Amino acid sequence: MVAFANAVAREVTRTHPGRNVAFDAYLETLDPPPDMRCESNVVVLADSANCMFHSYTDTRSPLARDARLRLEGW
């Protein structure tokens, strides 16, 4: 997914400077790959396993903590 998003992002940079590419990370793509980085204009939405009752910074919720760490990883 990251390789595809990066390829699209490079083309978007060439044809539409200043624009971003976004993809929704979920299931197998939820955790960031250890060996790849996103292009600077790739935005990753990795919020599908967040707690719907607590904010990311709420320490009472393990789901919120996990979602925050996942987003920080991206």
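Could you grab me the full set of residues in the range 21-74 that are of a type in the set (F, W, Y) and either at pLDDT 80 or above or surrounded by 12 or more Cβ atoms within 10 Å (Cβ to Cβ) (or both)? Outline the logic, then answer.
Initially, the range 21-74 is screened for residues of a type in the set (F, W, Y), giving 23, 26, 53, 56, 74.
Passing the criteria: F23, Y26, Y56, W74.
If you scan the range 1-42, which residues turn out to be within 14 Å of the chain's Cα centre (by Cα) and acidic (D, E)?
D24, E28, D31, E39 - these are the residues of the range 1-42 that are within 14 Å of the chain's Cα centre (by Cα) and acidic (D, E).
Any residue that is hydroxyl-bearing (S, T, Y) and either touching a helix residue (DSSP H, G or I) at 6+ places or on another chain (Cβ under 7 Å) or assigned to a helix (DSSP H, G or I) (or both) - is there at least one of those in the range 43-52? Explain how you work it out, then say what you get.
To start, the set of residues in the range 43-52 that are hydroxyl-bearing (S, T, Y) comprises 48.
Narrowing the set further to residues that are either touching a helix residue (DSSP H, G or I) at 6+ places or on another chain (Cβ under 7 Å) or assigned to a helix (DSSP H, G or I) (or both) leaves none.
Taking every residue of the range 43-52 in turn, none turns out to be hydroxyl-bearing (S, T, Y) and either touching a helix residue (DSSP H, G or I) at 6+ places or on another chain (Cβ under 7 Å) or assigned to a helix (DSSP H, G or I) (or both).
Against the definition (of a type in the set (A, V, I, L, M) and surrounded by fewer than 13 Cβ atoms within 10 Å (Cβ to Cβ)), how does A3 come out, yes or no?
yes
So, in the range 1-17, exactly how many residues are free of Cβ contacts under 8 Å to residues at least 24 places away in the same chain, farther than 24 Å from L30 by Cβ and assigned to a helix (DSSP H, G or I)? Give the derivation first.
Within the range 1-17, the first condition is being free of Cβ contacts under 8 Å to residues at least 24 places away in the same chain, and the residues that meet it are 4, 7-8, 11, 14-17.
Checking the rest, the ones that are also farther than 24 Å from L30 by Cβ come to 11, 14-17.
Imposing the further condition that a residue be assigned to a helix (DSSP H, G or I) reduces the set to 11, 14-15.
The qualifying residues number 3.
The values are calculated or read from the model by the stated rules, or taken from the named source; none is laboratory data. Since we're looking at a predicted model, the values are computed, not measured. As a convention, Cβ positions derive from the backbone with ideal geometry for all residues, glycine included, and neighbour counts pool all protein chains shown.
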